[in-house]
1. Can you tell me which residue within segment 98-125, out of those that are assigned to a helix (DSSP H, G or I) and among the basic types (Lys, Arg), is farthest from the chain's Cα centre (by Cα)?
2. Please pick out the residue among Ala22, Ala28, Ala86 that is surrounded by fewer than 16 Cβ atoms within 10 Å (Cβ to Cβ) and of a type outside the set (S, T, N, Q).
3. Give just the number: which of (1) of a type in the set (A, V, I, L, M, F, W, C); (2) buried (at least 16 other Cβ atoms within 10 Å of the Cβ); (3) modelled with pLDDT under 90; (4) more than 15 Å from the chain's Cα centre (by Cα) does Ala59 not satisfy?
4. Need a quick list: helices (runs of 4 or more DSSP H) entirely within segment 1-97 having at least 1 residues that are touching a strand residue (DSSP E or B) at 6+ places or on another chain (Cβ under 8 Å).
5. For segment 200-215, what are the residues that are among the aliphatic types (A, V, I, L, M) and either surrounded by fewer than 14 Cβ atoms within 10 Å (Cβ to Cβ) or in a helix (DSSP H, G or I) (or both)?
6. Does Phe6 satisfy being buried (at least 18 other Cβ atoms within 10 Å of the Cβ), among the aromatic types (Phe, Trp, Tyr) and at pLDDT below 85?
7. Do the conditions hold for Gln104, that is, is it farther than 25 Å from Asp5 by Cα and either without any contact (Cβ under 8 Å) to a residue 40 or more places away in the chain or surrounded by fewer than 20 Cβ atoms within 10 Å (Cβ to Cβ) (or both)?
8. Just to be sure before I move on: is Ala218 aliphatic (A, V, I, L, M), modelled with pLDDT of 90 or more and surrounded by 15 or more Cβ atoms within 10 Å (Cβ to Cβ) in the structure I sent?
Amino acid sequence: MGRPDFPRSIVEFQQRFPDERACLEYLAESRWPSGYRCPACGGDRAWLLERRHLWQCAACGRQTSVTAGTVLHRTRTPLVLWFWAAYLVATHTPGMSALQLQRQLGISRYETAWLLLHKLRRAMVAQEREPLKYEVEVDESYLGGRDAGRRGGRQQSDKKALIVAAVEVRGEGSGRLRLGQVTDPSSASLSAFVKETAAPGALVHTDGWAGYAGLAAAGFEHRPRNQRLAGDEQVLPRAHRAISNLKTWLRGTHRGVSQKHLQIYLDEFVFRFNRRETPMAAFQTLLGLSSQHEPTTYRQIVA
């Protein structure tokens, strides 16, 4: 037996998760795809302690939490509400704001919806994700409002955030995406981002900015291209397209994002971009059922 499948329509979702017990049983099926197995004695019989989200072994009495390692761990919010939030966030293509989530789920306090959403966003980054491979485009751009004192180009600004995009080249299309916020466009910052996101030895395309000069020494096959020499042909079409779509998404869905939480929103855009062909499968990822995630506290989110 494998993991349980995921709902493919809102009608199916309503039928499968009408109450807390149904949600707990789904979590148990995800945790023990081949049936319950006690981590202490190996017993295969247990009963559910529904109010505490625990399964107790019939043989030795060991209690095991089915929410451990997920974003639901030690939550006081009803599981049905969590499941709905994960489903809406995963399947709503443009993304959702906390205000939208509050309205959709009838949550009384905005702060509760905001916390739910930020916990789900922190589950969007798979800890075991593989680096980008083979051929990659890399480019950077500024995000933020107008800065009257800034002359353009790569001049730094206190009012704008500098982000870097790396996109796999797959024929004429784009593969997986990575986005990161960096402090400056220096060789140290840009090389560190590429080393963190791309596999060693990958072919990396960039523009002619001197900040990318250290990529060859870092073990990559670096092929810089000068936009002036390229004429009307775009040097980095996939990276430019991803950055343009990111800016449109931030303006349209979130209206504006503070630099304090920017990386979380970058991770959300990457999550949606990389799962654009399979948005329904993202439901399990958000709940943390496909990998173990440490629970995120309110203090960690606002810190």
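1. Arg103
2. Of the residues listed, the single one that is surrounded by fewer than 16 Cβ atoms within 10 Å (Cβ to Cβ) and of a type outside the set (S, T, N, Q) is Ala22.
3. Ala59 satisfies all of (1) of a type in the set (A, V, I, L, M, F, W, C); (2) buried (at least 16 other Cβ atoms within 10 Å of the Cβ); (3) modelled with pLDDT under 90; (4) more than 15 Å from the chain's Cα centre (by Cα) except (2).
4. Numbers: elements: 10-16, 20-31, 79-91.
In segment 1-97, the matching helices (runs of 4 or more DSSP H) lie at 20-31.
5. Answer for segment 200-215, where residues must be among the aliphatic types (A, V, I, L, M) and either surrounded by fewer than 14 Cβ atoms within 10 Å (Cβ to Cβ) or in a helix (DSSP H, G or I) (or both): Ala210, Ala213, Leu215.
6. Values: buried (at least 18 other Cβ atoms within 10 Å of the Cβ): yes; among the aromatic types (Phe, Trp, Tyr): yes; at pLDDT below 85: yes.
Yes.
7. no
8. Details: aliphatic (A, V, I, L, M): yes; modelled with pLDDT of 90 or more: no; surrounded by 15 or more Cβ atoms within 10 Å (Cβ to Cβ): yes.
Criteria not met by Ala218.
The values are calculated or read from the model by the stated rules, or taken from the named source; none is laboratory data. Being a predicted model, the structure only gives us computed values, none of them experimental. Methodologically, a virtual Cβ is constructed for each residue, glycine included, from the backbone with ideal geometry; neighbour enumeration extends over all protein chains shown.
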